[in-house]
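Structure, as structure tokens:
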Ligand code: DGJ
């Protein structure tokens, strides 16, 4: 038997580094100038036979070599630089000598050193046997002993596409209440920047993108996509040049920041992962979902509980008696986790006061939180608690005691958003306080789940007198990650939900230490369909928190049937967030049935393969298939009826043509080929906001 080709190899004679994944090859050739140059990213082939893809406009006027793996702002490079540095004598950029590769298992490091200055960089790559995702990051080291080096940009990686006939960019845009809207446009011949300058991942943009030649669809076509694991400010610049080459470079920080690299210090970037898929956008998403499950989420095999959260029901008007009433009703519906949201602490009766004072409000919880937590546990549910540890109201004891703890510039008026300021977690004493506060809350109250909220971005960032003030943008985010990691390590079983005024902190960095993310404060099921569609491009359904709330919806005023609200939320990690005290007996009975139904399909939704489907007549659907293909759940939605027509049968291309399937609710049996090619009748109820759950089992 021939020896297996190693996942990572380096051929010194050719200066060729190759990374192999099950369905793709990534190749780099060390350029004559010592800079690693991109050679290939795409289908499996022999890269040794390839020549470096020079620019078609290459001439003595404009000698542009193959694209860099991380462009260092020297030489004939005129696109966006991935590394921008300035040395103490004013010299900018790096000129590399290649020191050689270091290969450890699936990890490759290309070691570079500047020819004249004390600067070294490792360009790092990692591949895993069961995934086509390539993880990349950079480590930059000051190897000298004298003056610091100023770093204006340090990207994690640059990515390059093969020459395509055209280029199309897919990315996610939005705002509060309208997160994760998929935008798919022709890529302009220009530099296109996706960024967050907010110190949070952002509602407005997500650090994920996909590129194709304009012909890919859900099931077919080549798609190259990348995702950055960073929960603070970030920037990704896509450059399509006028002669047809497309590259992109990305990492933490937005433009205008600079960091001081001290002698002996190494700056590590976050991981920027890339995926090549030949199976369309759906194939790319499924490969990302598998990667997020196997390499990112801390406990992917654990069921996400059906939760109840009191926020939409009570707002700030929380007290022990009211929460006990809701908890009892929730338990009766089959809820597994009861989350007490905002308003339980300090002087927090509105968003004007109390943030930072993390002790129960005596008027609402006279004996603290323990009695409620005990009651929730007695009812058979886990107890969850909302916190917003990075924030403070001016009207709080914490701010009065430590006004210097907030992110601020003394000579600038501080901008308040939602009447709050942001604490500076880059200060070690603030990080220590936040960790100790959360640790105490969890230990004293038997907290099983933290909902970690963050309802404002960074403004007036400053660190008066600090030699490296912009480090705040990195250090704050790292402190948030670190506290989450410590809490999980010290409290086994504790789970954390990422939240930031809805979906403003959803990225592979935060999901490496949280179980799921609150997707959006907009719980209207019609709006949620497109929000969830966008979320699913990168992330699996088990990480997507989705609540059923009251009708009319508090955000949109839209009235929808309970069943439709449930079906849309059942496509993710189901939660309930309505005022159950106002639900009728019929609604409570129907809700309990639908919760039970969700638990039946939960293994498929939370751990199966997801296929996004588009039917006729305004129908969209999500199909969750067990890994072995034996069980299937399809959730189909039609927000608006047209002409009273029934939509065409919904085709289920993920089924096996040779198998037979039984509909578990009707008992009908179908051939797989029929369901794939002719489809299944949806038999939707008449009217708007119609939906159906179909459960299929393979019977032979
Ligand atoms: C914003 C969150 O997204 C909501 O779910 C809720 O927790 C509020 N904050 C509480 O202030």
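The values are calculated or read from the model by the stated rules, or taken from the named source; none is laboratory data. As the structure is a prediction and not an experimental result, all values here were calculated from the model. For neighbour counting, all protein chains shown are included, and Cβ atoms are generated from backbone atoms with ideal geometry for every residue, glycine included.
Table for the structure above
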read-out: Meets criteria (part of a helix (DSSP H, G or I) and either within 14 Å of the ligand (Cβ to nearest atom) or within 25 Å of residue 545 (Cβ to Cβ) (or both)) for residue 326; value: yes
read-out: Residue match in segment 337-346 (condition: more than 30 Å from residue 225 (Cβ to Cβ), surrounded by fewer than 20 Cβ atoms within 10 Å (Cβ to Cβ) and within 13 Å of the ligand (Cβ to nearest atom)); value: no
read-out: Matching entry among 143, 160, 74, 138 (being over 26 Å from residue 285 (Cα atoms) and in the same structural domain as residue 277 (by TED's automatic domain parsing)); value: 143
read-out: Residue match in segment 662-681 (condition: over 20 Å from residue 548 (Cα atoms), within 26 Å of the chain's Cα centre (by Cα) and part of a strand (DSSP E or B)); value: no
read-out: Condition met for residue 546 (part of a loop (DSSP other than H, G, I, E, B), within 19 Å of the chain's Cα centre (by Cα) and modelled with pLDDT of 95 or more); value: no
read-out: Residue 135 being farther than 16 Å from residue 29 by Cβ and surrounded by 16 or more Cβ atoms within 10 Å (Cβ to Cβ); value: yes
read-out: Failed item, numbered, when residue 684 is tested on (1) part of a loop (DSSP other than H, G, I, E, B); (2) in the same structural domain as residue 525 (by TED's automatic domain parsing); value: (2)
read-out: Condition met for residue 496 (within 16 Å of the ligand (Cβ to nearest atom) and touching a helix residue (DSSP H, G or I) at 6+ places or on another chain (Cβ under 8 Å)); value: yes
read-out: Total residues in segment 499-531, condition in a helix (DSSP H, G or I), within 16 Å of the ligand (Cβ to nearest atom) and over 12 Å from the mean Cα position of the chain (by Cα); value: 3
read-out: Residue 345, sole failed condition from (1) without any contact (Cβ under 8 Å) to a residue 24 or more places away in the chain; (2) over 23 Å from residue 547 (Cβ atoms); value: (2)
read-out: Hits in segment 355-368 - residues which are more than 11 Å from the ligand (Cβ to nearest atom) and part of a loop (DSSP other than H, G, I, E, B); value: 356, 357, 358, 359, 361, 362, 363, 364, 365, 366, 367, 368
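Residues checked against (1) at pLDDT below 95; (2) more than 24 Å from the chain's Cα centre (by Cα); (3) within 15 Å of the ligand (Cβ to nearest atom):
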site: 305; (1), (2), (3): no, no, no
site: 309; (1), (2), (3): no, no, yes
site: 319; (1), (2), (3): no, yes, no
site: 334; (1), (2), (3): no, yes, no
